[in-house]
Amino acid sequence: MTDLRYLPDRDDVTAFTATVTDATDEYIVLDGTYFYPEGGGQPADRGRLEWDGGAATVTDVQKSHGDVRHVIGDREGDLPTEGDEVEGQIDAERRQTLRRMHTAQHVVSKVVLDEFGAQTAGNQIHTDTSRIDFKPATFSENDVARIQDRTNEVLDSDLAVTKAEMPRAEAEEKTPEGRGLLDLIPDHVDPLRMVAIGDFDLCPCGGTHVDRLGEVGHVRITNRTTKGADIDRIEFVLEE
């Protein structure tokens, strides 16, 4: 089983050393990793692994029955073998962009919940643009402008973003109603990794996030579309 070393609060680490537990022509498994595997609407990290006599690009990262498979692309030299030490290097610029995007998504989601009572029904984070589906929601142009303005007001507050484990019972008690979809998290997951934005928001989340809102910049909403009965999608980009 691969140790997810970026949890709960080391998602700023982009260089590390680990030991190989399995290696094939398609992927490499390590005893521990700081690479983020795809999940929760956030894409996987990319980067590079290097070892004595070889190296490979990491083009994708996926969970598989407790292991994390670092999918490899271009390779130099022979594959490493079990027990070999590797140096991992995550694409730091891409990681930081995804951290900013994911934290921005949390702020937009909480603003919409507070202002319109609509919950986040789904989201997808990308490096260039991201989207959130809200339900129940039917936003007007004025509503969209209000969401953007309020989101940027919150981002300007530069609140601290903290990431820590919390006993599930406490998390269920403290998470604001409508945040986190706790009922979708299997009961055996305890404790939960919680992301808090000052006293503004608290939400269970396993993704990567900035440490302060000031790192995010501003959000610009680029589109609103209707995706079904009472479901509206908002798309946004980040601005420095």
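Points worth noting:
- Residue that is modelled with pLDDT of 95 or more, among the acidic types (Asp, Glu), under 16 Å from the mean Cα position of the chain (by Cα) and closer than 23 Å to VAL237 by Cβ, where the choices are ASP133, ASP128: ASP128
- Options GLU26, GLU85, GLU76: the member that is more than 25 Å from GLN105 (Cβ to Cβ), touching a Gly at 6+ places or on another chain (Cβ under 6 Å) and either without any contact (Cβ under 8 Å) to a residue 24 or more places away in the chain or not assigned by TED's automatic domain parsing to the domain that holds GLU165 (or both): GLU76
- Only residues that are β-branched (Val, Ile, Thr) and either assigned to a helix (DSSP H, G or I) or within 13 Å of LEU192 (Cα to Cα) (or both) were counted in segment 161-179, giving 1.
- Identity of the residue in segment 64-91, surrounded by fewer than 14 Cβ atoms within 10 Å (Cβ to Cβ) and in a loop (DSSP other than H, G, I, E, B), that ends up farthest from the chain's Cα centre (by Cα): ASP78
- Here PRO204 clears all of (1) under 24 Å from SER140 (Cβ atoms); (2) buried (at least 20 other Cβ atoms within 10 Å of the Cβ); (3) not polar (S, T, N, Q) except the condition numbered (1).
- Each residue in segment 2-15 was checked for being more than 22 Å from ARG193 (Cα to Cα) and buried (at least 18 other Cβ atoms within 10 Å of the Cβ), and 0 pass.
- Some residue of segment 36-51 being touching a helix residue (DSSP H, G or I) at 6+ places or on another chain (Cβ under 9 Å), within 20 Å of HIS209 (Cα to Cα) and part of a strand (DSSP E or B): yes
- Of the residues making up segment 163-174, those that are buried (at least 16 other Cβ atoms within 10 Å of the Cβ) and within 16 Å of HIS209 (Cβ to Cβ) are LYS163, MET166.
- Single unsatisfied condition, LEU113 versus (1) under 28 Å from LEU7 (Cβ atoms); (2) surrounded by fewer than 21 Cβ atoms within 10 Å (Cβ to Cβ); (3) without any contact (Cβ under 8 Å) to a residue 60 or more places away in the chain: (3)
The values are calculated or read from the model by the stated rules, or taken from the named source; none is laboratory data. What you are looking at is a predicted structure, and each value in this text was computed from that prediction instead of being measured. Cβ coordinates were reconstructed from backbone atoms using ideal geometry, including for glycine residues, and neighbour counts include every protein chain displayed.
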